[in-house]
Amino acid sequence: MASLTKRLPTNVCGNFFVDSTCINCDTCRQLAPASFVENGEFSSIYHQPGGVRELHQAYQALLACPVGSIGTVVPDKAQRQTAASSFPVQLEAEIFYNGYNSGKSFGANSYFICHPEGNWLVDSPRYQRRLVDVFEQKGGVKYLFLTHEDDVADAGRYAKYFGATRIIHRADLAAMPDAEWVVEGRGVLKAAPGFRIIPVPGHTAGSMALLYKDRYLFTGDHMAWDRGAGGLRLATRYVWSEEALQRSTASLLTYSFEWILPGHGDRIHLPAPRMKDELRRVLERRPARSSERRAAQGQVG
Ligand SMILES: [Fe+2]
């Protein structure tokens, strides 16, 4: 719970504030860009939310914040309840963003795919009763797809509750050693009708993407949209292998998709041909392939 005594001086005056426990994960800025901005090593309020839409988004950010760093001087219980009821947020058709990001995954986004032959959870949100109830109403969770070792969060609890099959790559298995389905090697797997698992080593050795219906690509921390630069960006905070990262990205040119749904970074929806152009562009911008390196350079965790 946010504390007024830790209120950051970078917040503009008013009801909403961010305190110094903020980890600068970007969740609030994605959910409520009209109110939150990056300011040094933290997020802060640059515009107090006004009107129903901005207030709703600000309360969504408050609830999704993985470390409870967002507070209000005077809480609005009704608005807060409305925002809580909005999770998981439907992005399109059967695709949902869960909210309730977890501090255990540095605030990574997680997603829910509603499917008649069994629902999928892509990475894990905080274990939250509200989400458990909604998932249950929608038929539970059959598969829990873990994009990579960083974003496991409360996957074990969700899997236990729903009897879900956890899927993780062998190279990242240390993060979930008792996973039921361990993916080996770099081959693409048809996991279920409409679902393809594509190993994309680079950010980590065991990073994987999930392609659904040749439309939605869940990328974990392999790749995200950068709203500031107006283009795709590859994992930059940590790179296990630059060479593998580029090879994995190039391999995605084989596929057609319109959505990128990442763990960290922005989601993007583009026509498939434009998405391919953006993929080519991000590869052109990368440095020449080099030997494997480990680096800490940026924001994608
Ligand atoms: Fe990561």
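Over the stretch 4-84, how many percent of alpha carbon pairs lie in each 5 Å bin up to the one with the longest distance?
Calculated over all Cα pairs of the stretch 4-84, the distribution is 3, 19, 32, 29, 14, 3, 0 percent.
May I ask you to derive the FRET efficiency for LYS190 and LYS138 from their Cβ-Cβ distance with R0 = 25 Å, giving the value to the nearest 0.05?
The value I calculate is 0.60.
Check cross-link reach from LYS6 to the aspartates and glutamates: straight Cα distance under 12 Å, and skip same-chain residues fewer than eight apart.
Partners within reach: ASP19.
Using only helices, what value at 222 nm comes out for the chain when you add -39,500 (n - 2.57) per DSSP H run of length 4 or more and divide by the total residues, to the nearest 500 deg cm²/dmol?
After summing the helix terms and dividing by residue count, I get -6500 deg cm²/dmol.
Rounded to the nearest 0.05, what FRET efficiency is calculated for ARG53 and ASP214 with R0 set to 35 Å and r the Cβ-Cβ distance?
The pair ARG53/ASP214 has a calculated efficiency of 0.60.
Considering only lysines 8 or more places apart in sequence, or on different chains, count the pairs in the stretch 87-285 whose C-alpha atoms sit under 26 Å apart.
Pairs that pass both the separation and distance tests number 13.
Just for the Cα atoms in the chain, what are the lengths along the principal axes, largest first, rounded to whole Å?
The Cα atoms of the chain stretch 54, 44, 36 Å along the principal axes, largest first.
Counting other C-beta atoms within 10 Å, which of CYS25, CYS114, CYS13 has the fewest, and how do the rest follow?
By the 10 Å Cβ count, ascending, the order reads CYS13, CYS114, CYS25.
Residues of the stretch 157-189 with the amide nitrogen closer than 18 Å to a label point 7 Å from the Cα of SER251, along Cα-to-Cβ, please.
167-173, 182-189
What distance in nm separates the simple spin-label points at TYR161 and GLU38, each placed 7 Å from Cα in the Cβ direction?
Each label point is offset 7 Å from its Cα along the Cβ direction, giving 3.2 nm.
For ALA84 and TRP181 in the same chain, what is the full-extension length gain: residue separation times 0.36 nm, less their Cα-Cα distance, in nm?
31.7 nm
Read-outs: derived from the displayed coordinates by stated rules, not from any lab. Everything numeric here is computed off the predicted structure, so don't read it as measured data. Heads up, the Cβs are rebuilt from the backbone with ideal geometry, glycines too, and the neighbour counts pull from every protein chain shown.
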